[in-house]
Amino acid sequence: MASTTSATAAGGAFAAAKTRAGSSAAGGGACARVAAGGRRRSGVVVRCDAGVEAQAQAQAVAKAASVAALEQFKISADRYMKERSSIAVIGLSVHTAPVEMREKLAVAEELWPRAISELTSLNHIEEAAVLSTCNRMEIYVVALSWNRGIREVVDWMSKKSGIPASELREHLFMLRDSDATRHLFEVSAGLDSLVLGEGQILAQVKQVVRSGQNSGGLGKNIDRMFKDAITAGKRVRCETNISSGAVSVSSAAVELALMKLPKSECLSARMLLIGAGKMGKLVVKHLIAKGCKKVVVVNRSVERVDAIREEMKDIEIVYRPLTEMYEAAAEADVVFTSTASETPLFTKEHAEALPAISDAMGGVRLFVDISVPRNVSACVSEVGHARVYNVDDLKEVVEANKEDRLRKAMEAQTIITQELKRFEAWRDSLETVPTIKKLRSYADRIRASELEKCLQKIGEDALTKKMRRSIEELSTGIVNKLLHGPLQHLRCDGSDSRTLDETLENMHALNRMFSLDTEKAIIEQKIKAKVEKSQN
């Protein structure tokens with residue numbers, strides 16, 4: 001079955017396979033050296049082409065260990081047949097963890113495929129996806145065992161970030177199956193964002209799917225879940241207008257900067273933007289909306305700045321190369337930072353070296369940092385003429401128009417529930433697919449065997465091609481009609497009143513009646529794949 005599995009037995013099988021393969025291979029070398037034509041003289045081993053045979057023996061031992069692990073699993077698997085593979089999300093967000101912790105766990109988009117590869121190599125993880133943004137770092141997995149899978153993912157996160165697992169758990173949230181799926185749908189719809197209803201998160205969810213397609217796929221369950229989440233996000237925005245009047249992280253950053261400047265000087269403040277990516281482009285867009293007429297943009301290359309300049313004609317955009325970043329900052333009253341740099345661009349020493357700001361501007365240079373990891377160190381605020389604001393400080397802005405969108409969020413939940421039921425019906429339908437395939441195969445083997453006996457009795461010469469085809473069609477038609485009833489009772493796609501439990505009871509009955517044993521076969525297939533992957 002697509003989602004049945006063994007928890008304890010799986011762990012024991014992996015451990016046994018690895019231990020026996022390692023110890024046998026290590027100890028097998030000496031035996032191979034003697035067996036391969038070597039002879040002992042006064043305790044000295046004389047080797048003759050032992051290396052090749054030792055390698056062959058090691059491979060044989062590893063194969064035997066794999067088989068032994070599967071045999072050991074078969075013995076104990078029956079106790080765990082009822083455990084179902086779990087969809088889980090393990091992560092932290094702006095709601096559960098400070099930016100100092102989120103930035104240590106952030107995974108750059110180009111590293112998502114590598115992270116997925118590492119996660120799916122864990123013993124109890126079948127599928128994985130990573131959603132890492134400035135406001136969240138979430139890992140979605142299909143786990144063979146809930147407890148073991150969660151433990152392995154948390155340990156992976158701890159190893160990656162350098163944060164002890166015990167400390168990490170204080171900020172992590174973990175959701176399972178329908179709760180995990182609902183969470184992703186809410187994320188895609190913008191309901192879990194710091195800025196309720198913001199649209200950028202939907203694009204980021206889409207990018208997870210695109211990244212997965214480019215790197216070999218996310219896995220059947222995760223891929224379908226993310227695609228359904230995109231559908232839910234689109235429906236919520238179209239049918240509730242939750243995004244109308246909503247602010248984005250970039251617009252909130254602009255709003256916050258203008259709130260902190262003296263009202264009389266807002267439009268005359270010298271604006272500097274470092275980073276011309278998607279977030280930076282939105283900063284320019286919202287500066288225009290607020291009436292700003294000029295912005296200096298520092299970027300590694302001029303091409304992106306030229307593209308923004310071509311698209312936005314209502315503002316003067318001055319390009320400065322990255323090498324002139326600190327000179328540009330010295331001439332700015334407000335510095336927006338939005339780059340993918342993993343190290344701070346501005347430290348306390350940099351801020352101290354910058355000239356003072358005029359009293360008309362409040363005497364304080366504002367750094368508005370919307371990057372994760374952060375581009376501006378928190379210690380910059382210790383400098384008398386500098387203040388730093390990061391994404392966690394945007395809450396002050398987003399509260400302003402939140403009440404109306406909360407009402408719309410209630411409407412959005414109805415849509416999310418509809419999409420959730422659709423996804424769960426699809427996933428439930430996977431439960432019976434192996435049984436359906438095996439039952440059809442079993443019936444077809446009987447049909448083919450009996451058909452062959454019949455044709456032999458009649459004799460090949462006595463049949464025309466048309467007669468033979470008619471007999472074959474007759475046998476196929478009889479089998480299909482006999483299977484129609486049982487297969488109808490294996491349907492679990494939400495199209496009728498039959499519950500999943502009823503469908504599973506029917507499936508177990510068919511497995512017993514026809515000795516299909518699909519559950520154990522599926523589990524063995526999963527375990528075998530994991531053992532082989534761990535040995536490669």
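The values are calculated or read from the model by the stated rules, or taken from the named source; none is laboratory data. It should be emphasised that the depicted structure is a prediction, and the values quoted were computed from it without experimental measurement. Reconstructed Cβ throughout: ideal geometry from the backbone, glycine too, with neighbour counts over all protein chains shown. For the accessible areas, the whole protein counts, side chains as well, though only heavy atoms, and no ligand, DNA or RNA atoms are used. Shrake-Rupley method; radii C 1.70, N 1.55, O 1.52, S 1.80 Å.
Results, tabulated for the structure shown:
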| item | result |
| --- | --- |
| Conditions (1) under 39 Å from the mean Cα position of the chain (by Cα); (2) farther than 30 Å from Ala203 by Cα; (3) among the small types (Gly, Ala, Ser): number failed by Ala340 | (2) |
| Condition met for Ser429 (open to solvent by less than 80 Å² (accessible area, probe 1.4 Å), assigned to a helix (DSSP H, G or I) and modelled with pLDDT under 75) | yes |
| Cross-chain or 6+ apart pairs with Cβ under 8 Å, the range 310-331 first and farther than 13 Å from Lys294 by Cβ, then open to solvent by 100 Å² or more (accessible area, probe 1.4 Å) | Pro321/Arg300; Leu322/Arg300 |
| Looking only at the range 86-115, and only at residues there that are in a helix (DSSP H, G or I) and buried (at least 24 other Cβ atoms within 10 Å of the Cβ), the one that is farthest from the chain's Cα centre (by Cα) | Arg102 |
| First in the range 286-309 and without any contact (Cβ under 8 Å) to a residue 24 or more places away in the chain, second anywhere and open to solvent by 70 Å² or more (accessible area, probe 1.4 Å), Cβ under 7 Å, 6 or more apart | none |
| Selected residue (criterion: farthest from the chain's Cα centre (by Cα)) from residues of the range 232-260 that are over 22 Å from Asn390 (Cα atoms) and buried (at least 24 other Cβ atoms within 10 Å of the Cβ) | Ile242 |
| Which listed residue is touching a strand residue (DSSP E or B) at 6+ places or on another chain (Cβ under 9 Å) and at pLDDT below 95, from Val209, Val236, Val247, Val195 | Val209 |
| Single unsatisfied condition, Cys379 versus (1) farther than 24 Å from Leu92 by Cβ; (2) modelled with pLDDT of 90 or more; (3) more than 33 Å from the chain's Cα centre (by Cα) | (1) |
| Failed condition for Lys263, given (1) crowded, with 20+ Cβ neighbours inside 10 Å; (2) free of Cβ contacts under 8 Å to residues at least 12 places away in the same chain; (3) among the basic types (Lys, Arg) | (1) |
| Residue within the range 274-288 that is under 31 Å from the mean Cα position of the chain (by Cα), surrounded by 18 or more Cβ atoms within 10 Å (Cβ to Cβ) and closer than 20 Å to Val364 by Cα present | yes |
| Residues being surrounded by 13 or more Cβ atoms within 10 Å (Cβ to Cβ) and under 27 Å from Glu109 (Cβ atoms) - total across the range 330-349 | 11 |
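A quick yes/no check of all residues on (1) in contact with a His (Cβ under 8 Å, 6 or more places away or on another chain); (2) of a type in the set (Lys, Arg); (3) assigned by the TED database to the domain that holds Asp306:
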| residue | (1), (2), (3) |
| --- | --- |
| Asp223 | no, no, no |
| Cys266 | no, no, yes |
| Arg270 | no, yes, yes |
| Met279 | no, no, yes |
